[in-house]
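What follows is a set of notes on a single structure, which appears directly below.
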Amino acid sequence: MTDQQPADTSTEIDTTDKSKSKYGKTKVFLYIAMGLSAWGDRMWNFAVGIYFISLNRDNLQSVALNGVAINLAVILFGGAIGDWIDRNQRLPALRKALYFQNLSVSVMAVLVVIALYNQSWLPSYWMLIIQGILIGIGMIAQLSSVACKVSISKDWVIALYGSDRQNLANTNATLRRIDLISGVLAPILTGAVMAFTSRWLSAVLIAGWNVVSLCFELLLYTRVYRYAHDVLSNKISAAKSNEKLTEKREGSIKKFFSSLHGLGTYASLSVFLPGLSLALLYLTVLSFDSVTRAYVIEQGLSEVFLGLLNGLGSIIGIIGTLVYPIFVKRLGLVRTGVIGFWSEFSMLILCLLSLFVHGTSFIPFEKFTAVSCHSYDTYSNSTNAISISMHIPCSNSKLSVLLLVIGITLNRFGLWIADLTVSQLQQERVPEKIRGRIGGTQHSLNQLFDLIRYTLIICLPHMPQFGYHICLSVLSVFTASLIYTIWSCSTASQLVPPAADIEMSEKNADLAGHYETELGEKLNYIDNEEDKV
């Protein structure tokens, strides 16, 4: 008996080591696939606003309309996409999403090439038609992107690495770091192509990349699924066990507006307030998105310089992802989020100050910060000539726009710490059977605030009115920081014990009774079903 016990322990250790080695291989494939996808996304996200402003100069409305359409699509169908992910097997669902996402971006890039190459002689109504088609296909691409992100970050990653909080934190941080590294290099490359060659050539580059990337992503995710088939394939039984419940739900109008049902489910969870704080961060123009890029370029910054600043912001964000696991280990997950939110807000004060310095175009303050220039216009008639002197604001200073982009660049550190914190809170505290629904609802909530932002831009589209959006953005981030801080001091933040050695499935099982009461439905966990068998 005493001789057999060490042998059994050694066998268990060997099995564990092999399992860890096998899942270690999946990380390599997963990281490469996410890197390819992130590179394509970053190139397109950097370029799309510039393409729209090229097709419709001196007006931000086409950029804003594109944002409104995309946000409406996610708001209406984000929850439905999450339910669809919950009901379908992991690999087939991800493959379909990848096909639609990459091919949609490729088609849009080809349309941009046609429009820019023939812009000089195409009638204006054709340009409007092309922009409408771009917006329509962009909605499909965005919904497919949401499906990919929810599948990987809210399902695959948790199933593979969710048994250890520190391992999950490191994986999340690495995936975010890959995305940010792509954010460093892709905008620089795209901006350089635009500046030194032409914008339509950059669209050709983006179209080609998405076609090639699609092939490699499909191969890599298939490898991940095969290496971890014993874990990832368990969802099949979960989908079947939930099939009857799904059919009952789909008989009502909620089939088309599942986001409403998902929001009710989400509001009953302990992570709702952190999710709301994260969503409030989308009610801001203080990021290198399409509208802000178009505004900054119109203020005199070149595409290359903007691409470099975008890259520098990503580097600062990478630093945030490097310190994030350290903060989680030493301070805990909840306190790490407090640091992230307030760090972001403190850097945005520079953006607010940009409205009060020389060179600002903000209407209420430009007369106090710009030098008064005299312009004399002479009007004459048959009897006399009248000279009229007009005082107009005049300044060549770029101090205002530089302060703006510096604040945007520096706030990336706190932003990604806050983002990673909320994402991991949801990974740990959301039951497995509703991960897709909650993930899709979070995207819908994010896009709702993004929609409000774009709507305000449509109402106030002119360059001198951009300062109003800056003020609202700073207020929104402050509100998000305050809400998260209040939540962190409440009992809801301590609902799940922050013990790194407790498996996520066990945590979810502990909360099953609470969630089943709140949600009004039975949550049959895969682990529980297997134990019964």
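The values are calculated or read from the model by the stated rules, or taken from the named source; none is laboratory data. None of the values given here were measured: they were computed from a predicted structure. Cβ coordinates were reconstructed from backbone atoms using ideal geometry, including for glycine residues, and neighbour counts include every protein chain displayed. When the accessible area is computed, the model is the full protein with side chains, heavy atoms only, and any ligands, DNA or RNA have been set aside. Shrake-Rupley method; radii C 1.70, N 1.55, O 1.52, S 1.80 Å.
Structure notes:
- Taking label points 7 Å from Cα along the Cα-to-Cβ direction, residue 489 and residue 196 give a separation of 5.4 nm.
- Computed with every protein chain present, the accessible area of residue 231 is close to 40 Å² [probe 1.4 Å].
- Net charge in the neighbourhood of residue 31 (other residues with Cβ under 13 Å of its Cβ; Lys, Arg +1, Asp, Glu -1) is +3.
- Computed with every protein chain present, the accessible area of residue 160 is close to 10 Å² [probe 1.4 Å].
- Going by accessible surface with a 1.4 Å probe and the largest first, 471, 215 read 215, 471.
- If you sort 468, 282 by accessible surface, 1.4 Å probe, largest first, the order is 468, 282.
- Local net charge near residue 105, Cβ-Cβ under 12 Å (Lys/Arg +1, Asp/Glu -1): 0
- Order by protection proxy (mean Cβ within 10 Å, highest first), peptides 472-484, 320-332: 472-484, 320-332
- Rounded to whole Å, sorted largest first: equivalent-ellipsoid semi-axes of segment 25-231, Cα gyration tensor: 33, 18, 14
- Global form of segment 110-204, assessed from the alpha-carbon gyration tensor, a/c cut-off 1.5: oblate
- Exposure check, 1.4 Å probe, all protein chains in place: residue 342 carries approximately 80 Å² of accessible surface.
- Potential extension, residue 124-residue 226 segment - 0.36 nm per residue separation minus Cα distance: 31.6 nm
- Under 13 Å, Cβ to Cβ, from residue 341 - net charge with Lys/Arg +1 and Asp/Glu -1: -1
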